[in-house]
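Reviewing the structure listed below.
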Amino acid sequence: MAAATLTISSRNYSSWSLRAWLLCKMAGLDVAVKAVSIDDPTNRAELLLLSPSVLVPRLEHKGAKIWDTLSIGEYLAETFPEAGILPEDRVIRAHCRSICGEMHSGFYNLRSALPMNLKAHYTDFKTWAGAKPDIARVFAIWQDCLAAFGGPYLFGKELCMADAMYAPVCTRFETYGVMTDDVSAAYCKAIMKWPAMAEWVAAAKLEVDELEEVDAEF
């Protein structure tokens with residue numbers, strides 16, 4: 001029996017579910033995954049950015065119930081300190097938390113213009129101008145971290161919470177053919193090779209449910 005339960009939304013469309021899954025994998029936590037139907041009104045509204053998620057992702061572990069992705073990451077970092085989910089150094093850890101918080105609370109235009117859709121691939125996609133500052137900011141964050149800590153991941157040789165938080169952005173750039181600089185392209189390639197990431201993508205492509213609103217618009 002799994003030690004915990006992770007309730008998720010669509011593997012194909014839900015970036016927050018992906019982040020929580022990656023964090024659990026990073027922690028080495030054995031989780032039973034429970035998926036909420038895409039037809040659930042609350043779930044559908046969250047996926048279409050019409051309301052904040054209050055249901056998924058949700059981690060249940062030893063009596064604790066955590067339903068916010070950033071809080072899940074903090075809980076796992078606290079519960080499994082040996083996993084290295086947050087950097088050991090106080091200053092570097094603060095930097096990591098800052099860029100995680102930036103992703104958690106910002107980049108709305110990027111989310112709206114480039115919704116996560118792992119099954120799709122577009123050529124010559126015209127990115128909405130309003131999303132371009134968000135894209136440029138993501139590149140700046142990546143370049144700064146990779147230069148400061150040496151890569152291949154944002155804070156060095158080992159994966160951490162920041163990589164889980166920015167991993168769905170890599171999928172968005174791949175889906176919509178967003179042009180990346182060499183440094184950012186190498187980072188995206190490293191993230192997409194992450195075994196936990198590959199496992200999630202493979203499962204997403206087997207999903208039969210679709211959000212017609214996303215697929216029709218894009």
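The values are calculated or read from the model by the stated rules, or taken from the named source; none is laboratory data. Since we're looking at a predicted model, the values are computed, not measured. Backbone-built Cβ (ideal geometry, glycine too); neighbour counts: all protein chains shown.
Quick check on this structure: which one of 44, 58, 111 is modelled with pLDDT under 95, in contact with a strand residue (DSSP E or B) (Cβ under 8 Å, 6 or more places away or on another chain) and either among the charged types (D, E, K, R) or farther than 20 Å from residue 202 by Cβ (or both)? Quick ask: steps written out before the conclusion?
Details: 44 fails: in contact with a strand residue (DSSP E or B) (Cβ under 8 Å, 6 or more places away or on another chain); 111 fails: in contact with a strand residue (DSSP E or B) (Cβ under 8 Å, 6 or more places away or on another chain).
Checking each option against the conditions leaves just 58.
Please specify each residue of the stretch 84-96 satisfying the condition of being in a helix (DSSP H, G or I) and either touching a residue at least 40 places away in the same chain (Cβ under 8 Å) or surrounded by 15 or more Cβ atoms within 10 Å (Cβ to Cβ) (or both).
Quick first cut of the stretch 84-96, residues in a helix (DSSP H, G or I) only: 90-96.
92, 93, 95, 96, listed by residue number.
Residues are listed down the side, and each one gets a yes or a no for (1) assigned to a loop (DSSP other than H, G, I, E, B); (2) in contact (Cβ under 8 Å) with a residue 40 or more places away in the chain; (3) surrounded by fewer than 19 Cβ atoms within 10 Å (Cβ to Cβ):
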residue	(1), (2), (3)
98	no, no, yes
101	no, no, yes
115	yes, yes, no
118	yes, yes, no
127	yes, yes, yes
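Could you list, in sequence order, all residues of the stretch 63-73 that are in contact (Cβ under 8 Å) with a residue 12 or more places away in the chain and either surrounded by fewer than 20 Cβ atoms within 10 Å (Cβ to Cβ) or part of a loop (DSSP other than H, G, I, E, B) (or both)?
First, pick out the residues of the stretch 63-73 that are in contact (Cβ under 8 Å) with a residue 12 or more places away in the chain: 67, 69-70, 72-73.
Within the stretch 63-73, 67 is the sole residue that qualifies.
List the number of the failed condition for residue 141; all other conditions in (1) among the hydrophobic types (A, V, I, L, M, F, W, C); (2) more than 23 Å from residue 207 (Cβ to Cβ); (3) not in a helix (DSSP H, G or I) hold.
Here residue 141 clears every test but (3).
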